[in-house]
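Q: Take this structure first; my questions come after.
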Amino acid sequence: VYAYDANGNRLGAVVTPDATPPSAPGAMSDSNITSDSATITWRQAPDTFAVARYRYQINGGAWSSFINSQAANLTDLVPGTTYTVAVEAEDDAGNIGAANSFSFTTPPSAPGTPTATNITGNSATVTWGAASDGAGVAGYSYQLNGGTWSAFSNVLAVTLNGLSYGTAYIVGVRAEDSTGNVGPTASGSFTTGPTAPGSP
């Protein structure tokens, strides 16, 4: 803002500082969610001039340092845990605006590696270690050689029947938690025995 005297001479500038904080960042979303990591993105926060940077906090904890980005990669998360991420913007004048927040839940961890025992020519028993999940594992599902997944059931072992003699199988096992999140697959392999010899 410039001041003028009665003759129209410009006397100097009066600087009015920007005291208006940015609005809250726009819509937030998640991607690349694993049992222990996730990427959170958000839309730009409107501001009178320009937003300079953003910062975020997880579950009401300490705020991160300001970053010149509209995304944050979160690591060292706990399987099966709900996280609320808040993001706020700061403009070039140092004004910090209101926060926007978003919640997501990490899936269970992978089960322990499936191991086959009691292998015969047409059957085997497959066992695996329990998956980790903060909300509790509701059940496990398995598949053979990349085929159809079984229904989820709360067991750590399954007996497979009707297998083919002398055939290699890859067993995939995954966990589902009580909120419906499905975790990554753990895989193991085994080979059934050969057919019995014919009568002498």
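Q: Tally up the carbon and sulfur contribution to the accessible surface of the chain as a whole percent, 1.4 Å probe, everything protein left in place.
A: Carbon and sulfur together cover 50 percent of it.
Q: Just to verify a number: FRET efficiency for Ala98 and Ser189, C-beta to C-beta distance, R0 = 41 Å, to 0.05?
A: That pair, Ala98 with Ser189, gives E of 0.15.
Q: Given a 1.4 angstrom probe, what's the average accessible area per residue across the chain, in square angstrom?
A: 54 Å²
Q: Same structure, new question: Once you charge only the Cβ atoms, +1 for Lys and Arg and -1 for Asp and Glu, what is the size of the charge dipole of the chain about its Cα centre, to the nearest 20 debye?
A: Roughly 560 debye, rounded to the nearest 20.
Q: Could you give log10 I(q)/I(0) at q = 0.12, 0.14, 0.16, 0.19 Å⁻¹ for the chain, computed by the Debye formula over C-alpha point scatterers of equal weight, without solvent?
A: -0.75, -0.86, -0.97, -1.15
Q: According to the square roots a ≥ b ≥ c of the eigenvalues of the Cα gyration tensor, what is the shape class of region 82-189, taking rounded for a/c under 1.5, prolate for a/b larger than b/c otherwise, and oblate for the remainder?
A: prolate
Q: Along each principal axis of its Cα atoms, how long is region 38-114 end to end? Whole angstroms, biggest number first, please.
A: 57, 19, 18
Q: Here is a further query. Projecting each Cα onto the charge dipole of the chain (Lys/Arg +1, Asp/Glu -1 at the beta carbon, about the Cα centre), which of Ala52, Pro107, Leu160 comes out farthest on the positive side?
A: Most positive-ward Cα: Leu160.
Q: What does a probe at Asp76 reach in region 28-43, counting residues whose amide N is under 19 Å from the point 7 Å along Cα→Cβ?
A: Label zone hits: 34-40.
The values are calculated or read from the model by the stated rules, or taken from the named source; none is laboratory data. All values derive from a computational prediction rather than experimental measurement. Reconstructed Cβ throughout: ideal geometry from the backbone, glycine too, with neighbour counts over all protein chains shown. The accessibility values were calculated without ligands, DNA or RNA, using every heavy atom of the protein model including side chains. Shrake-Rupley method; radii C 1.70, N 1.55, O 1.52, S 1.80 Å.
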